[in-house]
Amino acid sequence: MDEKVLNILLVEDDQVDVMNVRRAFEKNRIVNPLFIAGDGIEALEILRGGLVPAARRIVLLDLNMPRMTGIEFLRELRKDPMFMHTPVVVLTTSNDDRDKIEAYNLNVAGYLIKPVTFIDFVELMASLNKYWTLVELP
Amino acid sequence: MTKNPRWRDGGTFPLGVVTTDADALVAELRRREQQLRESQRIAHIGSWEWDLASDRIEWSEELFRIWGLDPGEPFSYAAYVDRLQPDDRERMQKVIAQAIETRSSYVVEHRIVLPEGTERWILGRGTVVCDEQGTAVKVRGTAQDITDRRNAEERALALFREQYERERAEREREELRGRAQELATLAAALERSNRELDAFAYAASHDLRAPLRGIANLAQWIEEDLQDSLSDDTREMLALMRTRMHRMESLIEGILQYSRAGRAHEQPVSVDVCRLVRETIDLLSPESAIVSVQVDLPVIVAEPTPLRQVFQNLIGNAIKHGGDDVEIDIEAKDAGAFWEFSVTDSGPGIPAEFHERIWGIFQTLEARDRVEGTGIGLSLVKKLVEAQGGQVGVTSAAGSGACFWFSWPKTATSGV
């Protein structure tokens, strides 16, 4: 299989959740580079600073964060012509319909609820990675 | 009664005119008598004189008219009393007897009954006349027809009373309206505060979950990373930690469900209770319980989720607490506007002193390390059933199983 590198920006304020993603990647032997932002403001800085290679770039976004929430980040991102089409996948604990509707209104590529157990999380990350490896990106 | 100076009988009667001959005197007397009659008629006042020794009462013409009688023979006292309104007889006799005894006079209002049956009001005045030895010999008096005045007074009093009653009723209505308003305000405030509490419980339990998941993950990673260097004690501690975290997870899930029971409402649909119960049993997949479900459980129109939760908790409890090979019966009984469902188990039963307490939130009868439980299940059942207007109950005694029952409306009332 043609291994295409996927550049992932994880926007997440909880250190343990960041660790969760890292460990799940390790378990799945995923070697894609993982960039971390602690909230929406930091994520915008990282993106606008060009720290994440523009080729095959996706954002994994938590919603409940300090300073700038995931939804607020999405609004900013979609206003910026540079990032209008950047694929964003929401990864959150919020099962609230309002969050889901608002997120999809801002053209998210997916909305995932963080699984409760680590095993399930590992599986989710494997599927997510597999899917995005297959997806053609501009 | 006023005490007048005694009248002496046989005194001279001052006429105030000088008479020259008998004829003129007679004519003058007639004129005077005529005048007296006229004035009595105009004033509706009659006069009388009662001779005590002979018991003869002489009446003036006007007096006969007032009493509705033809002018005629003198009366006796007994005949006079007979004409009084029965309710006034005793009082009048007392007044007259006392006046005679004390040689005084009296003024009294009383009623009489006319021959054709109507009543009249009389203002009666009387005064006792004594002889020279001071013995009472006569009673003289007048009687005035005051019926019109009394009627007017009574009408005025009735009007006043009516007005007073109307005002009082209006005041009471106003007060009730005020109190109803107050109650409505209180009820609205209570409703709002309950909604806020539910929303708070929902938000709080949601936020409690995130750190808990973090702790669970960290514990697991520590165990993974230290795999080979862990002592048995440490491994056991980590295992205990995991069960505590699961317990907390269940508690949070329970609180979430409990708070949602007051918030979420879904469209009532046709629910085959038999199927719903069977699905619930499948989901619980009991290892050793024998569950029998009444074959003709009804099909009702209801919100499926709360009904499912109720059965899930009751059947789940029966499995959890019933012990090995517990037998569970699920039945339904027609109870008018409601169905009464029951879940009966052959387990150890619940002593009567706990029948109240088990419905409270966070109440458990077993140590949580022996039987894993949050103490939310039955309180959730109660909240869900009561939100539908139904009731819950338990019949059980220690050692003889338990029967939990609840009533559920046959048709869902929309907008609950």
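The values are calculated or read from the model by the stated rules, or taken from the named source; none is laboratory data. Here the structure is a predicted model, which is why all the values come from computation and not from measurement. Ideal geometry is used to build each Cβ from the backbone, glycine not excepted, and the neighbour counts take in all protein chains shown.
Scan the stretch B:204-213 for residues that are more than 10 Å from chain A (Cβ to nearest Cβ) and surrounded by fewer than 18 Cβ atoms within 10 Å (Cβ to Cβ) and the total you get is 2. Looking at the structure I just gave you, is A:Met65 surrounded by 12 or more Cβ atoms within 10 Å (Cβ to Cβ), free of Cβ contacts under 8 Å to residues at least 12 places away in the same chain, out of contact with any Cys (no Cβ under 8 Å at 6 or more places or on another chain) and within 14 Å of chain B (Cβ to nearest Cβ)? So A:Met65 does not fit the description; no.
Quick check, is B:Phe160 at pLDDT below 90 and more than 14 Å from chain A (Cβ to nearest Cβ)? So B:Phe160 does not fit the description; no.
Per-residue answers, yes or no, for (1) more than 14 Å from chain B (Cβ to nearest Cβ); (2) surrounded by fewer than 16 Cβ atoms within 10 Å (Cβ to Cβ):
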site: A:Val16; (1), (2): no, no
site: A:Val21; (1), (2): no, no
site: A:Glu26; (1), (2): no, yes
site: A:Ile36; (1), (2): yes, no
site: A:Glu45; (1), (2): yes, yes
site: A:Leu77; (1), (2): yes, no
site: A:Tyr104; (1), (2): yes, yes
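Do you know which of the residues in the stretch A:107-134 that are without any contact (Cβ under 8 Å) to a residue 24 or more places away in the chain and more than 14 Å from chain B (Cβ to nearest Cβ) is nearest to A:Phe83 (Cα to Cα)? Per the criteria, the residue is A:Gly110. The residues of the stretch B:259-276 that are in a helix (DSSP H, G or I) and at pLDDT below 85, listed by number, are B:Ser259, B:Arg260, B:Ala261. Yes or no: B:Glu279 at pLDDT 90 or above, touching a strand residue (DSSP E or B) at 6+ places or on another chain (Cβ under 7 Å) and among the charged types (D, E, K, R)? Taking the combined requirement at face value, the residue does not satisfy it. Exactly one residue out of B:Ala188, B:Ala216 is surrounded by 10 or more Cβ atoms within 10 Å (Cβ to Cβ), within 14 Å of chain A (Cβ to nearest Cβ) and either of a type in the set (A, V, I, L, M, F, W, C) or in a helix (DSSP H, G or I) (or both): that is B:Ala216. Condition first: in contact with a strand residue (DSSP E or B) (Cβ under 6 Å, 6 or more places away or on another chain), under 23 Å from A:Arg48 (Cβ atoms) and of a type outside the set (Val, Ile, Thr). Now tell me which residues in the stretch A:60-116 satisfy that. Result: A:Leu60, A:Leu61, A:Asp62, A:Leu63, A:Gly70, A:Pro87, A:Leu91, A:Ala103, A:Ala109.
Rundown of residues vs (1) within 21 Å of B:Val129 (Cβ to Cβ); (2) assigned to a loop (DSSP other than H, G, I, E, B), yes/no style:
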| site | (1), (2) |
| --- | --- |
| B:Ala27 | no, no |
| B:Gln34 | no, no |
| B:Arg37 | no, no |
| B:Gln40 | yes, no |
| B:Gly46 | yes, no |
| B:Ala53 | yes, yes |
| B:Glu58 | yes, no |
| B:Phe64 | no, no |
